[in-house]
Amino acid sequence: MKSIWIIALPALLGSLSLVGADQANPPGAGQTKSIAEAIDAGCAFLMERQNSDGSWGSAHQTKGLNIFAPVPGSHRAFRLAVTALSLSALLETKGKDPNYRKVIARGKEHLFEKLPQLRRATPMALYNVWAHSYALQALHRFERMETDPKEMDRIRKLMTHQVDMLGKYESIDGGWGYYDFRAQTKQPSGSSISFVNATGLVALKEAEQSGVKVPSKMINRALEAIKRQRLPDHSFLYGEYLKYRPRRGINRPAGSLGRSHACNYALQLWGDESVTPEVHKLCLDRLIKRNGWLDMGRKRPIPHESWFAVAGYFFYYGHLYASFCIESLPERERQKFQQELSDILLPLQEKDGSWWDYPLYDYHQQYGTAMALMSLKRCQGSSTLN
């Protein structure tokens with residue numbers, strides 16, 4: 001029987017950090033490239049790989065293993081999500097660089113043209129939730145940099161539409177998932193997934209910061225869904241469907257490394273006072289010391305085949321939200337974690353300037369690069385838009 005894999009688009013020996021097979025030295029060893037140089041190379045890669053229509057990514061470069069991705073809707077969602085991530089990264093790192101002005105403008109118009117048409121691929125495949133969330137974050141960055149009132153209104157109108165779409169595809173129990181293998185009903189009946197909830201909640205907070213109205217009922221339901229998946233050790237279930245298997249590998253601290261920061265950060269943004277700087281520091285220490293568990297999954301072609309059911313695409317997603325958590329710490333407590341995070345990411349940059357963690361058609365280098373760029377920007381000490 002032919003295998004179909006489902007993708008989520010975003011310590012072995014005490015304190016020793018394990019390294020992957022293709023990483024000959026520990027993170028930071030022999031490191032010569034500066035953060036600024038790495039960011040320049042990553043941005044140049046994104047500029048080079050932009051499609052003629054302003055988007056990033058494509059359905060090319062398929063491999064022998066199949067991913068559950070009904071066409072064409074799944075690829076519309078992947079492309080828009082990757083385009084939004086690429087734009088967010090470029091806005092944060094090259095937002096005022098004249099050399100990137102046309103690249104950013106083309107990408108922006110692609111979002112405005114294609115986002116209103118985006119829907120779920122099938123009743124089972126809800127990858128569009130990722131695109132709506134990441135689009136809100138890119139649009140928020142455009143709104144923050146805009147000075148023309150008419151253009152700001154245009155941006156907010158599209159943001160409002162993305163908020164409405166997240167409401168349309170909200171799981172019946174609150175929050176969001178990326179598939180529905182239950183009843184495939186008009187309102188998705190599938191289980192909410194902790195880190196999909198977190199991604200949506202972070203994006204919705206940024207929409208609110210841009211002056212867009214966000215329904216409190218939708219927020220409260222998503223927050224409750226994440227809290228139901230929070231474990232006493234500050235790990236989070238992969239999804240609510242695993243609530244009766246809390247010690248399954250993927251739900252344990254090593255299996256949760258790629259999503260704990262996203263979930264904690266989302267809860268903190270929406271006022272959960274139990275997520276303190278001490279919680280962030282505990283989880284960041286865990287990420288640094290046990291980073292090998294994530295690294296062993298990096299670049300593996302089959303989702304969840306590594307220890308603790310780690311999938312390759314956990315890697316840069318997890319480090320991106322870790323960087324958000326670092327940024328939320330008191331300033332005097334950030335430097336240690338900024339250094340450690342950059343020591344992990346810098347040696348992993350490819351010769352062409354990209355970063356990637358999972359072979360996903362022709363989307364992986366673009367999303368991995370975008371996430372690494374935003375992470376490194378925060379390691380410089382500021383995520384302020386240039």
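Take the residues in the stretch 212-257 that are in a helix (DSSP H, G or I) and hydroxyl-bearing (S, T, Y), then tell me which one is farthest from T160 (Cα to Cα).
Y241
Identify all residues within the stretch 297-349 that are closer than 20 Å to S34 by Cβ, part of a helix (DSSP H, G or I) and basic (K, R); write none if there are none.
Selection gives K336 alone.
It is to be established whether one or more residues within the stretch 345-358 are farther than 30 Å from V275 by Cα and among the small types (G, A, S).
Yes, the stretch 345-358 contains at least one residue that is farther than 30 Å from V275 by Cα and among the small types (G, A, S).
For the condition of a type in the set (G, A, S), surrounded by fewer than 20 Cβ atoms within 10 Å (Cβ to Cβ) and either within 19 Å of F195 (Cβ to Cβ) or touching a helix residue (DSSP H, G or I) at 6+ places or on another chain (Cβ under 7 Å) (or both), what is the one hit in S328, S306?
After applying the criteria, what remains is S328.
Among (1) closer than 13 Å to P347 by Cα; (2) modelled with pLDDT of 95 or more, where does G30 come up short?
(2)
Answer yes or no: is there a residue in the stretch 53-63 that is modelled with pLDDT of 95 or more, in a helix (DSSP H, G or I), in contact with a helix residue (DSSP H, G or I) (Cβ under 8 Å, 6 or more places away or on another chain) and surrounded by 24 or more Cβ atoms within 10 Å (Cβ to Cβ).
Checking the stretch 53-63: not a single residue is modelled with pLDDT of 95 or more, in a helix (DSSP H, G or I), in contact with a helix residue (DSSP H, G or I) (Cβ under 8 Å, 6 or more places away or on another chain) and surrounded by 24 or more Cβ atoms within 10 Å (Cβ to Cβ).
Kindly check whether there is at least one residue in the stretch 102-119 that is β-branched (V, I, T), farther than 19 Å from H161 by Cα, crowded, with 17+ Cβ neighbours inside 10 Å and over 18 Å from the mean Cα position of the chain (by Cα).
Yes, the conditions are met somewhere in the stretch 102-119.
Taking H140 as the residue in question, decide whether it is under 21 Å from Q268 (Cα atoms) and crowded, with 16+ Cβ neighbours inside 10 Å.
Judged against the criteria, H140 is a match.
Give the residue, chosen from M152, M165, M159, that is outside any loop (DSSP other than H, G, I, E, B) and surrounded by 24 or more Cβ atoms within 10 Å (Cβ to Cβ).
None of the other options fit; the residue is M159.
I need the full set of residues from the stretch 164-178 which are farther than 18 Å from Y134 by Cβ and not β-branched (V, I, T), in order please.
S171, D173, G174
Results for (1) assigned to a helix (DSSP H, G or I); (2) of a type in the set (K, R); (3) closer than 25 Å to S323 by Cβ, shown as yes or no for each residue.
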site	(1), (2), (3)
P70	no, no, no
A81	yes, no, yes
A105	yes, no, no
K108	yes, yes, yes
L111	yes, no, yes
R120	no, yes, no
A138	yes, no, yes
R141	yes, yes, yes
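Looking at the stretch 331-347 only, could you name the residues that are under 20 Å from L90 (Cα atoms), in contact with a Gly (Cβ under 9 Å, 6 or more places away or on another chain) and crowded, with 22+ Cβ neighbours inside 10 Å?
S342
Can you list residue pairs whose Cβ atoms sit under 6 Å apart, with the first residue in the stretch 365-382 being over 14 Å from Y317 (Cβ atoms) and the second being of a type outside the set (A, V, I, L, M, F, W, C) and assigned to a helix (DSSP H, G or I)? Count only pairs 6 or more apart in sequence or on different chains.
K377/E92; K377/T93; R378/S323; R378/E327; C379/Q338; C379/S342
The values are calculated or read from the model by the stated rules, or taken from the named source; none is laboratory data. This is a predicted model, so every value here is computed, not measured. Glycine gets a Cβ as well: all are built from the backbone with ideal geometry, and neighbour counts include every protein chain shown.
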